[in-house]
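Quick notes on the structure that follows.
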Amino acid sequence: MELKLFVSSSAVDTDFTATLTDVHPDGQAIHICEGIRGVAFRASLEHPAPIEPGKIYQLSISLWETSMVFKAGNRVRLEVSSSNFPRFARNQNTGLPLGTSAETRKAQQTVHHDAEHPSRLILPVIP
């Protein structure tokens with residue numbers, strides 16, 4: 001499963017996270033899978049590159065592999081965030097190497113979804 005997002009941020013580096021859940025009719029939500037991507041690592045894990053604040057970037061977040069049957073009446077919920085702490089380490093939104101500074105910055109995050117920026121969740125369906 002993969003989440004394709006078109007995003008912008010006020011920060012020079014930040015993270016986007018995704019969590020997929022199965023929501024039962026009584027409201028109970030069962031965690032299925034999750035993923036994270038640092039925007040600086042959007043093109044390469046070996047060569048991070050800062051982003052230009054306010055510019056729109058395409059980002060792919062792998063939610064890994066899973067197999068799930070959604071029962072009639074259940075709903076699929078996708079949660080998109082900029083953090084999943086303590087599951088994943090915090091991105092301090094500064095552009096500094098992670099874990100090298102106590103400085104943190106608040107970031108304004110935007111997920112874009114229109115004809116030019118088709119953010120979407122790709123869920124393979126097996127008949």
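Using the Cβ-Cβ distance between S60 and D114 with R0 = 22 Å, the FRET efficiency computed as 1/(1 + (r/R0)^6) comes to roughly 0.75. Using the Karplus relation 6.51 cos²θ - 1.76 cosθ + 1.60 with θ = phi - 60°, the per-residue 3J(HN,Hα) values for the stretch 87-100 come to 4, 10, 4, 5, 9, 7, 6, 9, x, 6, x, 4, x, 9 Hz, with x marking Gly and Pro. Each of (1) 134; (2) 154; (3) 166 is a candidate for volume of the Cα convex hull per residue in Å³; the one calculated from this structure is (1). Selection among V7, L121, Q109 by position relative to the dipole of the chain gives Q109 as farthest towards the positive end (Cβ unit charges, Cα centre). With r as the distance between the Cβ atoms of I30 and K4 and R0 = 22 Å, compute the FRET efficiency 1/(1 + (r/R0)^6) and round to 0.05. Calculated transfer efficiency: 0.35.
Considering only V111, V76, V39, give the residue with the highest GNM mean-square fluctuation for the chain, with springs between Cα atoms whenever their separation is below 10 Å. In the Gaussian network model the winner is V76. Applied to the stretch 103-117, the Karplus parametrisation 6.51 cos²θ - 1.76 cosθ + 1.60 on θ = phi - 60° returns per-residue 3J(HN,Hα) values of 5, 10, 10, 6, 10, 9, 9, 9, 9, 9, 8, 7, 4, 7, 10 Hz, with x for Gly and Pro.
Tell me which aspartates and glutamates have Cα within less than 17 Å of K55's Cα, excluding those fewer than 8 residues away on the same chain? Here the aspartates and glutamates satisfying the reach criterion relative to K55 are D13, D15, D114, E116. If only the Cβ of Lys and Arg carry +1 and only the Cβ of Asp and Glu carry -1, the dipole of the chain around its Cα centre is close to 140 debye. Our coupling estimate for the stretch 36-41, obtained by passing each phi through the Karplus curve with A = 6.51, B = -1.76, C = 1.60 and θ = phi - 60°, is 8, 8, x, 4, 5, 9 Hz, Gly and Pro reported as x. For I56, no residue 5 or more places off, or on another chain, has a built amide H under 5 Å of its own.
The numbers here are math on the coordinates, done by the rules we state, and not lab data. Being a predicted model, the structure only gives us computed values, none of them experimental. Ideal geometry is used to build each Cβ from the backbone, glycine not excepted, and the neighbour counts take in all protein chains shown.
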